[in-house]
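Colleague: My structure is below; once you've seen it, I'll send some questions.
The values are calculated or read from the model by the stated rules, or taken from the named source; none is laboratory data. All figures in this text were calculated on a predicted structure; none of them were measured in a lab. So basically every Cβ, Gly included, is an ideal-geometry build from the backbone, and we count neighbours across all protein chains shown. The protein model used for the area step is the full one, side chains on, heavy atoms only, and it has no ligands, DNA or RNA in it. Shrake-Rupley method; radii C 1.70, N 1.55, O 1.52, S 1.80 Å.
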Amino acid sequence: EKGNFEHYMLKEIFEQPSTIFDCMRGRLLLEDKKVYLGGIREYIDQLSNAKRIVIIACGTSLHAGMVARYLFEEICRVPVEVEYASEFRYGNPVIRDGDVVIAISQSGETADTLVAIEKAKEMGAIILGVCNVVGSSIPRASHAGVYTHAGAEIGVASTKAFTAQLTVLYLIALQVAKEKGTIDNERFKKLITELDLIPEKVQQILENSYIAQSLASLYMDAKSMIYLGRGYNFPIALEGALKIKEISYIHAEGYPAAEMKHGPIALIDEEMPVVFIATKDHTYEKIVSNIQEVKARKGKVIAVVNEGDDVVKHLADHVMEIPETDPLLTPLLAVIPLQLFAYYTGVLKGCNVDQPRNLAKSVTVE
Ligand code: M6R
C-alpha cells in the first residue's frame, strides 16, 4: 500500500497535489467563477448571516482552524474565535443566537471535539463539520458539513488531511464572502484562479524535497527549535513545530514572530535553529527584521521564502523556496517544506515516523 514510499507519512506528503485537487473537484468552478459546496447548501444563509464563527478542534486540525480565522475575518468580515475543543468542553463558553460552530477533525472521532460540539449544539449553535472520515461520529453529530476527501491517512502525523482541511476552509470562506458581498469580483477571481494552481505548485515544492532532506541532516542533533511566522503563517509555525516534535522528538515551539522579543529571544544562541516563514506579504519587512535579530544573536536561521527572494537568502543560513501565490493562500504551500523537514529529520534519527511513541491516530479517550 505504501507503493514506492518508505513510509506512509512520505506517501501522504507526496499525495498532496492530488488530494488538494480532489478536494476542489466539482466545488471550485473556475469557468462559472463560482464556489459551490453541496454539503453546506442548506446552511449558507446561517453562515452568511452569522454574527460570529466559533471554530473547535484539536492538534493539527486546530491549526487549520487558526488559519481559517484570518481568512474568514479578512474576506467574510465576520469575527472568529478558535478554541481548543478540550477548553471549550470544560469551560463555560458563551454561545449566542446566530453563532455558527465549525468543528474540524480528520478522524471525526476525537472525543474532546465530539463532546464540545454536543455542548455547543445544546446551547443552540449550528454545527458544521469539516472531516475526512466519511460517516464518522462528528459528521453524524453535525447539522451539515463538508468532507475533505483526502483518502485514508495512515501516518499518525497529519499531513494531507491538514492541507485538505485548509482547502475546504478556503472554499467555505470564498463561498460565504461571495454570498455576503464582502469580496469584490476581481479579488474573488484572483483567489479562485490561484487556488486552482495550488496542486501544481505543491508538486514543484515536492520535486525539491532533497533540500529539506539535506537540512534535516544538518539539524537532526538540535535539542530544540523555534518556529516563527506572522498572520496566517503563524499557525503554520505552530504546525511546523508540532510536526518536528511528533516525528523527531525534538522540542520545538511556535510563536508569532513579534512575540520573540517578549521571551523566547532569551533562548537564542549559536545552537538554536530558528525556522521562519518569510514569504512576501504585508508583514515581510517585519519578518526580515526578526531574522536580523536572530542573526545578531548568532542563531541559525532556516527560512521558507518565495522563489527569487534575495534579501532573506542573504540573511538566512538556509532557505526552502516555495512558488509565489496570493499571500492569503501561502499557508497551503509554506507547510509542505516543514512537513518534509520533520519527516526527514525523524527518519535520520531512526524514529518510527508513521507511529511515533505515545501517540494514537485518533484520540477517542480524554
Ligand atoms: O482526527 P482529528 O483531526 O480530530 O485529530 C486531532 C489531533 O489529534 C491530531 O491533529 C494530532 O494533533 C495529530 N497527531 C497531528 O499530527
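Colleague: Among the candidates 334, 296, which residue alone is over 22 Å from the mean Cα position of the chain (by Cα) and among the small types (Gly, Ala, Ser)?
Modeller: Numbers: 334 fails: over 22 Å from the mean Cα position of the chain (by Cα).
From the options 334, 296, the qualifying one is 296.
Colleague: In the stretch 36-139, which helices (runs of 4 or more DSSP H) lie fully inside it and hold 3 or more residues that are β-branched (Val, Ile, Thr), within 14 Å of the ligand (Cβ to nearest atom) and open to solvent by 10 Å² or more (accessible area, probe 1.4 Å)? Let's see the steps before the verdict.
Modeller: On the way: elements: 44-49, 59-71, 85-90, 111-122.
Answer list for the stretch 36-139: none.
Colleague: While we're looking at this one, here's another question. May I ask you to list the residues in the stretch 34-80 that are among the polar types (S, T, N, Q) and over 19 Å from the mean Cα position of the chain (by Cα)? Working first, answer last.
Modeller: Filtering the stretch 34-80 down to residues among the polar types (S, T, N, Q) leaves 46, 48-49, 60-61.
Across the stretch 34-80, the qualifying residues are 46, 48, 49.
Colleague: Continuing with this model, one more query. Being β-branched (Val, Ile, Thr), closer than 28 Å to residue 56 by Cβ and in a helix (DSSP H, G or I) is the filter here; which residues of the stretch 157-202 pass it?
Modeller: Across the stretch 157-202, the qualifying residues are 163, 167, 168, 172, 176, 192, 198, 202.
Colleague: Here's a check for you: in the stretch 245-288, which residue that is of a type in the set (Phe, Trp, Tyr) and away from the ligand (no atom under 16 Å from the Cβ) is least open to solvent (accessible area, probe 1.4 Å)? Steps first, answer last, please.
Modeller: Taking the stretch 245-288 as the starting set, the residues that turn out to be of a type in the set (Phe, Trp, Tyr) are 249, 255, 276, 284.
Now drop any that are not away from the ligand (no atom under 16 Å from the Cβ), which leaves 255, 276, 284.
Values: 255: 65, 276: 0, 284: 17 Å².
Looking at residues that are of a type in the set (Phe, Trp, Tyr) and away from the ligand (no atom under 16 Å from the Cβ), I get 276.
Colleague: Residue check: is residue 303 part of a strand (DSSP E or B), of a type in the set (A, V, I, L, M) and open to solvent by less than 40 Å² (accessible area, probe 1.4 Å)? I'd like the intermediate steps shown before the answer.
Modeller: Numbers: part of a strand (DSSP E or B): yes; of a type in the set (A, V, I, L, M): yes; open to solvent by less than 40 Å² (accessible area, probe 1.4 Å): yes.
Here the answer is yes, as residue 303 does meet what is asked.
Colleague: May I ask you to verify whether residue 345 is surrounded by 16 or more Cβ atoms within 10 Å (Cβ to Cβ) and within 16 Å of the ligand (Cβ to nearest atom)? Talk me through it step by step, then tell me what you get.
Modeller: Details: surrounded by 16 or more Cβ atoms within 10 Å (Cβ to Cβ): yes; within 16 Å of the ligand (Cβ to nearest atom): yes.
Yes, satisfied.
Colleague: Now, a different point. Just one of 122, 109, 83 is under 21 Å from the mean Cα position of the chain (by Cα) and more than 25 Å from residue 155 (Cβ to Cβ); which is it? Explain how you work it out, then say what you get.
Modeller: On the way: 122 fails: under 21 Å from the mean Cα position of the chain (by Cα); 109 fails: more than 25 Å from residue 155 (Cβ to Cβ).
After applying the criteria, what remains is 83.
Colleague: Checking residue 154 against (1) open to solvent by less than 10 Å² (accessible area, probe 1.4 Å); (2) out of contact with any His (no Cβ under 6 Å at 6 or more places or on another chain), only one condition comes out false. Which one?
Modeller: Of the numbered conditions (1) open to solvent by less than 10 Å² (accessible area, probe 1.4 Å); (2) out of contact with any His (no Cβ under 6 Å at 6 or more places or on another chain), the odd one out for residue 154 is (1).
Colleague: Shifting gears a bit: Quick test for you: out of 218, 242, 197, pick the one residue that is open to solvent by 10 Å² or more (accessible area, probe 1.4 Å), modelled with pLDDT of 95 or more and under 30 Å from residue 48 (Cβ atoms). Let's see the steps before the verdict.
Modeller: Details: 218 fails: under 30 Å from residue 48 (Cβ atoms); 242 fails: under 30 Å from residue 48 (Cβ atoms).
Only one candidate passes the filter, namely 197.
Colleague: Restricting to the stretch 262-296, give me the number of residues that are among the basic types (Lys, Arg) and either within 23 Å of residue 244 (Cα to Cα) or touching a strand residue (DSSP E or B) at 6+ places or on another chain (Cβ under 6 Å) (or both). Quick ask: steps written out before the conclusion?
Modeller: As a first pass, look at the stretch 262-296 and keep what is among the basic types (Lys, Arg): 280, 286, 295.
When the remaining residues are screened for being either within 23 Å of residue 244 (Cα to Cα) or touching a strand residue (DSSP E or B) at 6+ places or on another chain (Cβ under 6 Å) (or both), the result is 280, 295.
Counting residues in the stretch 262-296 that are among the basic types (Lys, Arg) and either within 23 Å of residue 244 (Cα to Cα) or touching a strand residue (DSSP E or B) at 6+ places or on another chain (Cβ under 6 Å) (or both) gives 2.
Colleague: Right, residue 142: more than 11 Å from the ligand (Cβ to nearest atom), closer than 22 Å to residue 106 by Cα, among the hydroxyl-bearing types (Ser, Thr, Tyr) and in contact with a Gly (Cβ under 7 Å, 6 or more places away or on another chain) or not? Working first, answer last.
Modeller: Numbers: more than 11 Å from the ligand (Cβ to nearest atom): yes; closer than 22 Å to residue 106 by Cα: yes; among the hydroxyl-bearing types (Ser, Thr, Tyr): yes; in contact with a Gly (Cβ under 7 Å, 6 or more places away or on another chain): yes.
Answer is yes for this residue.
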